[in-house]
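Q: Take this structure first; my questions come after.
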Amino acid sequence: MPFLVSAPSESRVNDVIDNPRSPRVRAVAKLEKKSARSETGLFLLEGPQSVSEALNFRPELLVELYATPTALERHTELARAAEAAGIEVEFVSEQVIETMADTVTPQGVIAVCRQFPTSVKDLLSGGPKLIAILEEVRDPGNAGTIIRAADAAGADGVILTGRSVDLYNPKVVRATTGSLFHLPVAIGVELEAVLERVKGADLRVIAADIKGGDLLAARKEGVLDHPTAWLFGNEARGLTDEHYSLADWVISVPIYGHAESMNLATAASVCLYESAFAQRSS
């Protein structure tokens with residue numbers, strides 16, 4: 001029976017899952033661990049914004065949807081989207097949502113979703129103009145924010161090599177703020193093989209590194225007008241000399257003030273937007 005969108009009925013509220021030690025609750029909580037995600041092919045999605053994006057863009061991926069009655073009353077648009085997708089919301093107590101969640105202060109809405117990685121072949125098949133490649137990016141916040149920035153800049157996809165953080169790590173998923181459901185993301189591939197395919201798809205590989213040439217000069221020279229695959233390396237070590245040799249260009253984001261360095265996700269956002277500006281104005 002469909003639930004009421006305006007407010008949970010008394011009978012539904014009385015049917016709240018309230019045992020944080022139940023097998024069902026523990027199974028959801030285990031998705032914080034990579035081993036459980038690999039075994040089940042599922043991942044954890046937290047927060048009303050991310051869940052709403054999944055419902056609006058990829059509702060077929062949702063396996064289970066949980067919310068506290070209070071949270072669902074606050075987010076009636078989410079309830080409408082779930083009802084339109086034919087997905088039933090399971091009511092849970094605050095204690096249960098805290099057990100399920102990866103965050104310290106959950107927002108009362110959690111979903112379990114199927115993993116949905118894209119192959120590099122499919123990502124490149126549509127003639128992309130702008131993509132981001134992450135090599136050994138280990139920080140979940142950086143990886144998720146770069147995916148979000150790529151989405152905002154209108155990029156055609158993101159590739160995470162096998163040395164990077166797990167795409168379905170809850171912290172990565174949260175940092176994408178729903179952008180994970182907007183553009184294709186390929187995972188688990190070797191960098192050398194990816195770059196060979198990328199160049200075969202007529203994309204120019206530009207490595208972002210502090211040792212590279214000036215970004216502004218590259219823009220003036222028209223380097224960014226061409227379809228581009230930006231390559232971003234590890235937060236601490238950057239890219240290796242071998243990686244430089246595989247790139248067509250190595251470019252750095254200039255620092256005009258006194259900052260010692262720039263956060264990887266911030267620098268990546270600048271690079272992706274510079275390409276987006278150049279491609280749209282050329």
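Q: Tell me whether the range 255-278 contains one or more residues that are open to solvent by 70 Å² or more (accessible area, probe 1.4 Å), under 24 Å from Gly154 (Cα atoms) and in contact with an Asp or Glu (Cβ under 9 Å, 6 or more places away or on another chain).
A: Among the residues of the range 255-278, at least one is open to solvent by 70 Å² or more (accessible area, probe 1.4 Å), under 24 Å from Gly154 (Cα atoms) and in contact with an Asp or Glu (Cβ under 9 Å, 6 or more places away or on another chain), which makes the answer yes.
Q: Another question, if that's okay. Sort through Leu246, Leu216 and tell me the only one that's at pLDDT below 95, open to solvent by 30 Å² or more (accessible area, probe 1.4 Å) and farther than 22 Å from Ile159 by Cβ. Don't jump to the end; show me each part of the working.
A: Details: Leu246 fails: farther than 22 Å from Ile159 by Cβ.
Exactly one residue qualifies, and that residue is Leu216.
Q: Also, quick follow-up: Is it true that some residue in the range 189-205 is in contact with a Ser or Thr (Cβ under 9 Å, 6 or more places away or on another chain), open to solvent by 50 Å² or more (accessible area, probe 1.4 Å), farther than 27 Å from Tyr168 by Cα and not hydroxyl-bearing (Ser, Thr, Tyr)?
A: First pass over the range 189-205, keeping only residues in contact with a Ser or Thr (Cβ under 9 Å, 6 or more places away or on another chain): 189-191, 194, 201, 203-205.
Adding the requirement that they be open to solvent by 50 Å² or more (accessible area, probe 1.4 Å) leaves 190, 204.
When the remaining residues are screened for being farther than 27 Å from Tyr168 by Cα, the result is 204.
In the following step, the residues that additionally are not hydroxyl-bearing (Ser, Thr, Tyr) were identified as 204.
Yes; the residues of the range 189-205 include at least one that is in contact with a Ser or Thr (Cβ under 9 Å, 6 or more places away or on another chain), open to solvent by 50 Å² or more (accessible area, probe 1.4 Å), farther than 27 Å from Tyr168 by Cα and not hydroxyl-bearing (Ser, Thr, Tyr).
Q: Would the range 60-80 turn up any residue that is of a type in the set (S, T, N, Q), open to solvent by 30 Å² or more (accessible area, probe 1.4 Å) and under 24 Å from Gly41 (Cα atoms)?
A: Here is the first cut: in the range 60-80, the ones of a type in the set (S, T, N, Q) are 68, 70, 76.
Within this subset, residues satisfying the condition of being open to solvent by 30 Å² or more (accessible area, probe 1.4 Å) are 70, 76.
Okay, now just the ones that are also under 24 Å from Gly41 (Cα atoms), so none.
Checked the range 60-80: no residue is of a type in the set (S, T, N, Q), open to solvent by 30 Å² or more (accessible area, probe 1.4 Å) and under 24 Å from Gly41 (Cα atoms).
Q: Please indicate, with yes or no, whether at least one residue in the range 116-132 is within 22 Å of the chain's Cα centre (by Cα), over 26 Å from Gly162 (Cα atoms), surrounded by fewer than 23 Cβ atoms within 10 Å (Cβ to Cβ) and of a type outside the set (Ser, Thr, Tyr). If you could, list the steps in order and put the result at the bottom.
A: As a first pass, look at the range 116-132 and keep what is within 22 Å of the chain's Cα centre (by Cα): 116-132.
Subset that is over 26 Å from Gly162 (Cα atoms): none.
For the range 116-132, residues within 22 Å of the chain's Cα centre (by Cα), over 26 Å from Gly162 (Cα atoms), surrounded by fewer than 23 Cβ atoms within 10 Å (Cβ to Cβ) and of a type outside the set (Ser, Thr, Tyr): absent.
Q: If you don't mind, another one. Looking at the range 100-144, which of its residues are within 13 Å of Pro170 (Cα to Cα) and either assigned to a loop (DSSP other than H, G, I, E, B) or among the hydroxyl-bearing types (Ser, Thr, Tyr) (or both)?
A: Once the filter is applied, which keeps residues that are within 13 Å of Pro170 (Cα to Cα) and either assigned to a loop (DSSP other than H, G, I, E, B) or among the hydroxyl-bearing types (Ser, Thr, Tyr) (or both), the range 100-144 yields Ala101, Asp102, Thr103, Val104, Pro106, Gln115, Asp139.
Q: How many of the residues in the range 163-185 are within 17 Å of Glu235 (Cβ to Cβ), open to solvent by 10 Å² or more (accessible area, probe 1.4 Å) and not acidic (Asp, Glu)?
A: Summing the residues that are within 17 Å of Glu235 (Cβ to Cβ), open to solvent by 10 Å² or more (accessible area, probe 1.4 Å) and not acidic (Asp, Glu) in the range 163-185 gives 6.
Q: For the range 80-93, state whether one or more residues are closer than 19 Å to Pro170 by Cβ and part of a helix (DSSP H, G or I).
A: Looking for residues that are closer than 19 Å to Pro170 by Cβ and part of a helix (DSSP H, G or I), one finds none in the range 80-93, hence no.
Q: Ok, one more. What are the pairs with Cβ atoms under 7 angstrom where one residue, in the range 162-184, is at negative phi and the other, located anywhere, is small (Gly, Ala, Ser) and in a loop (DSSP other than H, G, I, E, B)? Sequence gap at least six, or different chains.
A: These pairs meet every condition: Arg174/Gly47; Leu183/Ala155.
Q: Among what's in the range 27-72 and is assigned to a loop (DSSP other than H, G, I, E, B) and within 16 Å of the chain's Cα centre (by Cα), pick the residue that is nearest to Gln107 (Cα to Cα).
A: At the first step, the residues of the range 27-72 found to be assigned to a loop (DSSP other than H, G, I, E, B) are 33, 41, 47, 58, 68.
Among the residues that remain, those that are also within 16 Å of the chain's Cα centre (by Cα) are: 47, 58.
Values: Gly47: 6, Arg58: 21 Å.
Of everything passing the filter in the range 27-72, Gly47 is nearest to Gln107 (Cα to Cα).
Q: Looking only at the range 33-59, which residues are acidic (Asp, Glu), open to solvent by less than 70 Å² (accessible area, probe 1.4 Å) and farther than 21 Å from Thr118 by Cβ? Break it down into steps so the answer makes sense when it comes.
A: Step one: of the range 33-59, the residues acidic (Asp, Glu) are 39, 46, 53.
Next, only the ones that are open to solvent by less than 70 Å² (accessible area, probe 1.4 Å) stay: 46, 53.
Result: Glu46, single match.
Q: Turning to a different aspect of this structure: Please go through the range 87-105 and give me each residue that is open to solvent by 70 Å² or more (accessible area, probe 1.4 Å) and at pLDDT below 95, ordered by number. Show your work before the answer.
A: Applying the first criterion (open to solvent by 70 Å² or more (accessible area, probe 1.4 Å)) to the range 87-105 yields 88, 94-95, 98, 104-105.
Glu88, Val104, Thr105 - these are the residues of the range 87-105 that are open to solvent by 70 Å² or more (accessible area, probe 1.4 Å) and at pLDDT below 95.
The values are calculated or read from the model by the stated rules, or taken from the named source; none is laboratory data. Since this is a predicted model, take the numbers as computed values, not measurements. Counting neighbours? That spans all protein chains shown, and the Cβs are built from the backbone with ideal geometry, glycine included. Heads up: the accessible areas ignore ligands, DNA and RNA and are worked out on the full protein's heavy atoms, side chains in. Shrake-Rupley method; radii C 1.70, N 1.55, O 1.52, S 1.80 Å.
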